6 protein chains.
Amino acid sequence: MTPEQLGFVVEQTLQAGALDVYFTNIMMKKNRPAVLLTVLCDRNDKKKLSQLILKNTSTFGIRYTEMKREILERKLIEINTEFGAVKCKLGILDGITMKCSPEYEDCKSIAMTTGLSIIEIYNIVISKYMEN
Amino acid sequence: MTPEQLGFVVEQTLQAGALDVYFTNIMMKKNRPAVLLTVLCDRNDKKKLSQLILKNTSTFGIRYTEMKREILERKLIEINTEFGAVKCKLGILDGITMKCSPEYEDCKSIAMTTGLSIIEIYNIVISKYMEN
Amino acid sequence: MTPEQLGFVVEQTLQAGALDVYFTNIMMKKNRPAVLLTVLCDRNDKKKLSQLILKNTSTFGIRYTEMKREILERKLIEINTEFGAVKCKLGILDGITMKCSPEYEDCKSIAMTTGLSIIEIYNIVISKYMEN
Amino acid sequence: MTPEQLGFVVEQTLQAGALDVYFTNIMMKKNRPAVLLTVLCDRNDKKKLSQLILKNTSTFGIRYTEMKREILERKLIEINTEFGAVKCKLGILDGITMKCSPEYEDCKSIAMTTGLSIIEIYNIVISKYMEN
Amino acid sequence: MTPEQLGFVVEQTLQAGALDVYFTNIMMKKNRPAVLLTVLCDRNDKKKLSQLILKNTSTFGIRYTEMKREILERKLIEINTEFGAVKCKLGILDGITMKCSPEYEDCKSIAMTTGLSIIEIYNIVISKYMEN
Amino acid sequence: MTPEQLGFVVEQTLQAGALDVYFTNIMMKKNRPAVLLTVLCDRNDKKKLSQLILKNTSTFGIRYTEMKREILERKLIEINTEFGAVKCKLGILDGITMKCSPEYEDCKSIAMTTGLSIIEIYNIVISKYMEN
């Protein structure tokens, strides 16, 4: 497979409902650098996704196992900045807010409009969040 | 920097004229996994790109050197398949065509229309190319 | 362990019946770059392989788990080219041929005899396969 | 998270009782280089460690599974060299000593005192061990 | 070399004046996973550092080249938080402050005293910085 | 290119006189995991090797630069063990022997004959070397 074809599989699996998709570089026998594709999905999407992978990659087999998850409760808020509102995802554990993650697309569009760096936009959002 | 911010820098540098951009994973002192950003550009774009990187990443410094290039002569052709035309990039050395690379976006759009895998589309294009 | 010794373990585990073997680079505590050895085998070979690994690597312990597999049905065919026959592995899902993988050793030996690149040989084989 | 923050998580998880901790570089969707944190611990420490990770990293979720282990029996010995004693960890399988691993901190302190390279110190220790 | 020995070389090169040191994972011939050590130093330290590396690693040779650098002007400031002062490194380009990087050790020690996560401490510092 | 084709390029470049060849994993734009091929050669072999790479890989261009080298003086010796002689490469700096590297193929063949692990064979050889 070409790198482009690998990139396409990422898009396809996400569209088909994968929760997460990533590549890890591995070294196989006989000097062969390869990539390992990891796809996380709900048990119900397993069949659909394994068929998609068997069809769209060069692999002849898939290995899978069940994992459990422990996730933060998520809550979407909006934070107002001088450049407009930015959606943020809060992560909550046992009622306590553990983290605040500004939405990338909102920050990116402000960065592109204002010419400020995206890091600066994140900092502005985080500061507004910390003030409250 | 977050992974999203790193992804944004790739877009920005390419838009600003970088010839190629890629990340390499490195391990720094004190258990610190980091990524090395490599940007290739014409000498004339050097100043613009280094300012862009210094502004948009968390780095405090950039290292650079001059490299020479040896490239294949490129020629764009179109190959007709039963699903439509596909642009291909030929790579030519000393007048001899060394390789034929089907354009990803063309193959992807046929794959999405037909439901065939993108690997199959590449194979169809390559077969047509080999026939001639 | 030296890189050579790591390479030797790959040979040994494959000879002892491992289905697949690969290395992944990891970063351990205290600035220590290391490699993770992953060995896949049938349940019945587990004891033999874990002893082989404990003996031939620097590790003091092995972790293992059971995985399920979903594999394409495989069928070997021969494809005739102007340079001789090339064995190919077909991957079949629910009666439909999903992919055709030319045998590396056959392609390599044609590449070495003809002076053509191995990519070209693959393309020739794939073209012949697509014709039918 | 910054590389420094990632380094700090390694320290914290080890202090909280993790058996092993390491990073693997992965590539996520949309050009995002990321690191995967793997933490191994006893089942009883699972809750404490997952809370620590959810609090101290940027993640919104953790995936986990149970693994079995096969480990060498360990025995600590001391090997006397001309530069002082060095602790060594022996790895034993079915009563047979499979390997001898000189303690890093002991070797390092001899290397720093003597000005010899740490590789040389390991060699000296291994030679003494092999003599017996 | 063992991973521990590699970790030790990082310490040694930094102590000997290296400006930066990092590892990159590479794949050599014959299934050999290896690490590439990169050391950056002033031209005057070149001889000392190359001897140190030739002595303390398993390599039989070093390759080197000269690179130019473009760096931000740095300025150290102190930012006062409710948990004490935190040193920050400012990065300045053409008189404009491009970024503010809180000192890791200061943040870490506040994180350890307060029980807050180190990410939270960074956020607090950045917020105070943005206020001004 | 398939992983097998990448492995073949390693063989070809070494046969054509490359001093060293290795792969580094990189992440290119648009979710594309790729491998960077690095080939080191004498200036005189540059043309031959760049043509070989342009022909046998999917690349459309090569970048190159000149590097200097600093290498240990090498001397081949033989070390006698109870299982036969093992060739060793000594690395010498300013007349001082810095390291002794047992030849992999010799150690491997003893490991295969005796059933001992290859690590043990290295240790036996190093011990004999240290005795003298």
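Laboratory data are not the source of any read-out in this text; all were calculated from the coordinates shown. Values in this document were obtained by computation on a predicted structure and should not be read as measured data. Here the Cβ positions follow ideal geometry from the backbone for every residue, glycine too, while neighbour counts run over all protein chains shown.
Descriptive notes on the structure:
- In chain B, taking the dipole from charged Cβ atoms about the Cα centre, the farthest positive-side position among B:MET98, B:VAL39, B:ASN132 is held by B:VAL39.
- The protein assembly as shown: C-alpha gyration tensor shape, a/c 1.5 cut-off, then a/b vs b/c: rounded
- Counted by Cβ distance under 13 Å from B:MET112, the other residues give a net charge of -3, where Lys and Arg count +1 and Asp and Glu count -1.
- With Cα atoms, 0 to 90° folded angle of helix D:46-56 axis to chain D main axis: 70 degrees
- Shown for B:GLY115: label points 7 Å from Cα along the beta-carbon vector, and their distances to the equivalent points in the other copies, 4.8, 5.1, 5.9, 5.9, 7.7 nm in ascending order.
- Likely footprinting exposure, D:SER127, E:SER117, F:SER109, fewest C-beta neighbours within 10 Å first: F:SER109, D:SER127, E:SER117
- Above-threshold pairs, the threshold being 23 Å between Cα atoms, out of B:LYS47/E:LYS47; C:LYS46/C:LYS68; E:LYS99/E:LYS128; A:LYS30/C:LYS87; E:LYS55/F:LYS68; E:LYS48/E:LYS68: B:LYS47/E:LYS47
- Taking the Cα centre of the protein assembly as shown as reference, the dipole from Cβ charges on Lys and Arg (+1) and Asp and Glu (-1) amounts to some 0 debye.
- Degrees separating the helix F:104-114 axis from the principal Cα axis of chain F, which is the longest one: 60 degrees
- Shape call, the stretch C:45-122: gyration tensor on alpha carbons, a/c limit 1.5: oblate
- Remark on the stretch F:1-101: hydrodynamic radius 16.6 angstrom, per the Kirkwood mean of 1/r across alpha carbon pairs.
- Listing D:THR13, E:THR114, B:THR24 from fewest to most neighbouring C-beta atoms within 10 Å gives E:THR114, B:THR24, D:THR13.
- Chain E's nearest residue to the axis relating it to C, judged by Cβ and reported with the distance in whole Å, is E:ASN25, 2.
- Whole-Å distance, taken between Cα centres, linking the stretch F:16-55 and the stretch E:1-67: 21 Å
- Other protein chain C-beta atoms within 10 Å of residue C-beta, averaged over E:113-123: 5.
- Neighbour net charge for A:MET28 - beta-carbon separation under 11 angstrom, K R +1, D E -1: +1
- Cβ-vector label at 7 Å, D:GLU66, separations to other copies in nm: 1.2, 1.2, 6.4, 6.5, 6.5
- Counted charge near E:GLU131, where neighbours are those whose Cβ lies closer than 15 Å (Asp, Glu -1; Lys, Arg +1): -3
- Copy-to-copy label distances for D:ARG43, where each label lies 7 Å from Cα along Cα-to-Cβ, are 1.9, 1.9, 6.4, 6.7, 6.7 nm in order of increasing length.
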